[in-house]
1. Take the residues of segment 253-279 that are open to solvent by 30 Å² or more (accessible area, probe 1.4 Å), assigned to a helix (DSSP H, G or I) and β-branched (Val, Ile, Thr): which is modelled with the lowest pLDDT?
2. Could you list, in sequence order, all residues of segment 76-99 that are of a type outside the set (Ser, Thr, Tyr) and loosely packed, with under 13 Cβ neighbours inside 10 Å?
3. Is there a residue being farther than 30 Å from ASP46 by Cβ, modelled with pLDDT under 90 and in contact with a Leu (Cβ under 6 Å, 6 or more places away or on another chain) anywhere in segment 87-101?
4. Name the residues in segment 175-210 that are modelled with pLDDT under 60 and among the hydrophobic types (A, V, I, L, M, F, W, C), would you?
5. Which residue pairs have Cβ atoms closer than 8 Å, lie 6 or more positions apart in sequence or on different chains, and pair a first residue in segment 55-75 that is open to solvent by 40 Å² or more (accessible area, probe 1.4 Å) with a second residue that is in a strand (DSSP E or B)?
6. Select from segment 32-48 the residues that are farther than 19 Å from MET280 by Cβ and over 8 Å from the mean Cα position of the chain (by Cα) and write down the one among them that is surrounded by the fewest Cβ atoms within 10 Å (Cβ to Cβ).
7. Mind checking which residues of segment 280-300 are part of a helix (DSSP H, G or I), modelled with pLDDT under 75 and open to solvent by less than 20 Å² (accessible area, probe 1.4 Å)?
8. Consider VAL172 carefully, then state whether it is open to solvent by 40 Å² or more (accessible area, probe 1.4 Å) and on the phi < 0 side of the Ramachandran plot.
Amino acid sequence: MRTDFVAREVFTGLRRNVTMTIAMVLTTAISLGLVGTGLLAVRTIDRTEQLYSDRVEVQVALTSDVSAADTDCSQAVCTALRSKLEALTQVEAVRYENQQQAYERYLQLFKGQALADLVRPQSLPSTLRVRLNDQETGAQAVRQATTGQVGVRNVIDQREVVARLFDFLGGVRDVTFGLAVVQAIAALLLISNTVQVSAFTRRTEVGVMRLVGATRWYTQLPFLIEAVVTGVVGALIAVGGLVIGKFLFIDQLLSGIVSNGVVPPVEVADIIWVSPILVMIGAAIASVTGYATLRLYVRL
């Protein structure tokens, strides 16, 4: 098979249908960009779960009178609660955080924000921060051991807060994948139409080639390569869009919660991890759609 002929035919087809080619590339790029965003969301969720797996605690907040009077958990009420928690088999360690320490942590979390000036140490409760060795049953055991006890204000399971964060990230992932499906359908239709138009405009020369003995694969290959080229170019544009989006939008949007350690940052390495997946998806969708179109609608 003459590669120079195939390359020339591919270039001719792309140039002859330049407007449809550009439309197909851009639609594919948008679709794959959304797929890449969804994959980055999945990767962020996985890394966030790893980040919180060793940090999630149950907080037993103490009442205001106990918090104000006890700075080191040396008085009877706090000592009794701490001993009771440490006796639970699901508990790995118990750490006491007084009002001043809670205030310093609050300032660190909301540094540079207006909320930092609205709180004083006296308005924050002292807390017994319980680290669990059994995340499944530990929180319930802590609740049963402390609910209704003297000096206990409330019990906060950080897993519930983290679950809301995961629900939000999961929603972002689902929406982006949903939009990607819609865009993918548009890309498939454009690829199919482009292949049909390209084949129609070259029907005479292809007919002559078939008459002189050219095989079906030989006449169809340029159209398949055209589709694959547009798919790969669209994937590369999508990767470039993800890189630009990271530096111009994602880093700015997540700067606050990333700096506070709420979620891990989106790294360039994450985009590099996603890139070959997008290129393979773009090439596979384009080639399969092109081949199916040639077999079903075009007789070459």
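The values are calculated or read from the model by the stated rules, or taken from the named source; none is laboratory data. The shown structure was predicted, so the numbers you read here are calculated from the model rather than taken from an experiment. Positions of Cβ are backbone-derived with ideal geometry, glycine not excepted, and every protein chain shown enters the neighbour counts. Each accessible area value is taken on the protein alone, full model and side chains, heavy atoms only, with ligands, DNA and RNA left out. Shrake-Rupley method; radii C 1.70, N 1.55, O 1.52, S 1.80 Å.
1. So, considering only residues that are open to solvent by 30 Å² or more (accessible area, probe 1.4 Å), assigned to a helix (DSSP H, G or I) and β-branched (Val, Ile, Thr), the one modelled with the lowest pLDDT is ILE257.
2. Correct list: ALA76, ALA87, ALA93.
3. Taking every residue of segment 87-101 in turn, none turns out to be farther than 30 Å from ASP46 by Cβ, modelled with pLDDT under 90 and in contact with a Leu (Cβ under 6 Å, 6 or more places away or on another chain).
4. Across segment 175-210, the qualifying residues are VAL206, VAL208, MET209.
5. Short answer, once both residue conditions are applied: SER64/ARG153; ASP72/TYR96.
6. Of everything passing the filter in segment 32-48, ASP46 is surrounded by the fewest Cβ atoms within 10 Å (Cβ to Cβ).
7. Across segment 280-300, the qualifying residue is only LEU294.
8. It is true that VAL172 is open to solvent by 40 Å² or more (accessible area, probe 1.4 Å) and on the phi < 0 side of the Ramachandran plot.
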